[in-house]
Amino acid sequence: MRLPADTAIAEDKLARYLLLPQARGDKSAFLARAGYTLENADQVLRDLRTQILPLEAVALESNKFGRYYEIQGTLTGPNGLMLAVRTIWMTEYLSGATKFVTLIPDKRRT
């Protein structure tokens, strides 16, 4: 299945979570390899929306908040480097809205 084209991707999640170095679970160094930085956070948003979101989503587990989905794909960064990624998305039961949850390096495909 495909997730809705208007799926929410919070800019704050990109700037404060994915692109900001973290003590635990850091993803900023992984994304920096492809040229993604805080200065071009809008590029990450565009690339997630155009390169990953249109791909096939696989349903995962659900909980009291909603149903989770995974999309595996390749994210081509501003410098042309391709990153194998797994992304997690959720459709909330209460609102019906679908939103981006996280990005994980896909070590199975690298």
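At a glance:
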{"item": "Checklist (1) more than 21 Å from Arg16 (Cβ to Cβ); (2) over 15 Å from the mean Cα position of the chain (by Cα); (3) of a type in the set (A, V, I, L, M) applied to Ala84, failing item", "result": "(2)"}
{"item": "Only one of Val85, Val101 that is among the β-branched types (Val, Ile, Thr) and within 14 Å of Thr7 (Cα to Cα)", "result": "Val101"}
{"item": "Meets criteria (modelled with pLDDT of 95 or more and surrounded by 19 or more Cβ atoms within 10 Å (Cβ to Cβ)) for Leu48", "result": "yes"}
{"item": "Checking Lys107 against (1) closer than 23 Å to Leu19 by Cβ; (2) assigned to a strand (DSSP E or B), the condition it does not meet", "result": "(2)"}
{"item": "Some residue of segment 2-21 being closer than 13 Å to Leu103 by Cα, charged (D, E, K, R) and not in a loop (DSSP other than H, G, I, E, B)", "result": "yes"}
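The values are calculated or read from the model by the stated rules, or taken from the named source; none is laboratory data. From a predicted model like this one, the values you see are computed outputs, not experimental measurements. Reconstructed Cβ throughout: ideal geometry from the backbone, glycine too, with neighbour counts over all protein chains shown.
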